[in-house]
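Notes follow the structure.
Nothing in this text is a laboratory measurement; each read-out follows from the coordinates by a stated rule. Keep in mind that what you see is a predicted model, and the values were worked out from it rather than measured. Here Cβ is always computed from backbone atoms with ideal geometry, including for glycine, and neighbour counts include all displayed protein chains.
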Amino acid sequence: MYKNKAITVLAVVLILFIAIYMFTFTGTKLDYVLPRRGYKVAAMILISFAIGYSSIIFQTISANRILTPSIMGFDSFYLLLQSLLVFAYGDKTFQILTSEKNFAISVVLMLGFSLVMYYAVFKRESKSMYLLLLVGLLMGTLFRSFSSFISMLIDPNEFLMIQSAMFASFDKINLNLLGISAVLLIVSMIAGARYFRQLDVLSLGRENAISLGVDYHKVIKANLLIISVMVAISTALVGPITFLGILVANLTYELVKSSKHSQMVLACCLLTSVTVIGGQYLVEHLFNMSTTISIIINFVGGVYFIYLLLKSNKG
């Protein structure tokens, strides 16, 4: 009863936040402002569902509540890819590569990177999830170092093009990409929903799940691929938001005292949407666009991450 109440409250709050974002400070040009804000709200909800879903599932399969998919190096790989494109094409990058081409290249290569990494780890006899996390962490460090090296080689004006990709922004979303992104996300969520019951059992621990008949490696690999699709979509569409996942996932655990992933995933998606829309509202009307939403979320999420580390050490 409490879980359903929490989800209902989150849904009501989300509707309220959407209404506030859509209909305050509109001015007189409603025919211009409302459609623009409507598309932006749709993009924020899409990204929020991708991040919320992937964060809960990733923490379940990794059996760790302070990890998010960003540890796999996806964000770093995306920045490296953007750095290489700017290094190759210079200030003509966005003339040669349209937003649609950049999105397609980013998603395909990020998925390719994840498939290669998963295959390299899971073909081994141990098939260790922890080995995969370690490889992802090391690859992320390598990609960041390489991106920094490229940044020092290019022209400062061209570096500004890379810098714009370092921080997530909902003001630079290409509306033509929303449709295909929504289709990919919906297909991924439907494919992932069939594993919810197995993930409920997996939350009891690897050994318990295997003893209860869960095909552990099949569930892990399938959900890692689904997570890769979602992270690739969200990162390629708006850029990396490192600490959003850990913030909303752990707040969801506090709000929804449940082991059912059908409830936790829905609650986390709603909470992420509330967080993103509320944060974007503050960026536009309180900070007057002097900062980006990723900076605010990463600051709050980083502080919360430190709190979780201190809390786990005390435990």
Task: Hz values of 3J(HN,Hα) by residue in segment 232-239 - Karplus curve (6.51, -1.76, 1.60), Gly and Pro given as x - done: 4, 5, 5, 5, 5, 7, 10, x
TODO: Pull up the cross-link candidates among the lysines for K5, meaning alpha carbon to alpha carbon under 21 Å and not fewer than 8 places away within one chain.
DONE: K257, K260
Task: J(HN,Hα) series, segment 28-43, from Karplus relation 6.51 cos²θ - 1.76 cosθ + 1.60, nearest Hz, glycine and proline x - done: 9, 8, 5, 5, 9, 6, 5, x, 4, 5, x, 5, 5, 4, 4, 5
TODO: Write down the Kirkwood hydrodynamic radius of segment 53-147, to one decimal in angstroms, obtained as one divided by the mean of 1/r over all alpha carbon pairs.
DONE: 14.6
Task: Positive-end residue of L160, S273, G27, charge dipole of segment 2-314 with Cβ unit charges - done: S273
Task: Calculated FRET value between M289 and H217, using beta carbons and R₀ = 51 Å, to 0.05 - done: 0.60
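Kirkwood Rh and Cα-based Rg: tell me the resulting Rg over Rh for segment 2-314, rounded to two decimals.
So for segment 2-314, dividing Rg by the Kirkwood Rh gives 0.97.
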TODO: For segment 278-286, take each phi angle, set θ = phi - 60°, evaluate the Karplus expression 6.51 cos²θ - 1.76 cosθ + 1.60, and give the result in whole Hz per residue in order, putting x for glycine and proline.
DONE: x, x, 5, 4, 5, 4, 7, 10, 9
TODO: Using every Cα-Cα pair within segment 1-127, state what percent have a distance larger than 18 Å.
DONE: 73
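Placing +1 at every Lys and Arg Cβ and -1 at every Asp and Glu Cβ, with all other atoms neutral, what dipole size does segment 2-314 have around its Cα centre, in debye to the nearest 20? Please report the intermediate quantities before stating the final value.
On the way: 23 positive and 13 negative charges, 173 e Å.
Dipole size: approximately 820 debye.
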Open item on the list: With the cut-off at 32 Å, tell me which of the pairs K40/K92; K92/K123; K29/K92; K101/K221; K29/K172 have Cα atoms farther apart than that.
Closed with: K92/K123; K29/K92
TODO: Neighbouring Cβ atoms within 10 Å as the yardstick, rank V219, V33, V256 fewest first.
DONE: V33, V219, V256
- [ ] Rounding to the nearest 20 debye, state how big the charge dipole of segment 114-180 is about its Cα centre with +1 on each Lys and Arg Cβ and -1 on each Asp and Glu Cβ.
- [x] 380
Open item on the list: Output needed: percent of Cα pairs per 5 Å distance bin for segment 194-304, bins running from 0 to the one holding the longest distance.
Closed with: 2, 11, 15, 20, 18, 14, 9, 5, 3, 2, 1, 0
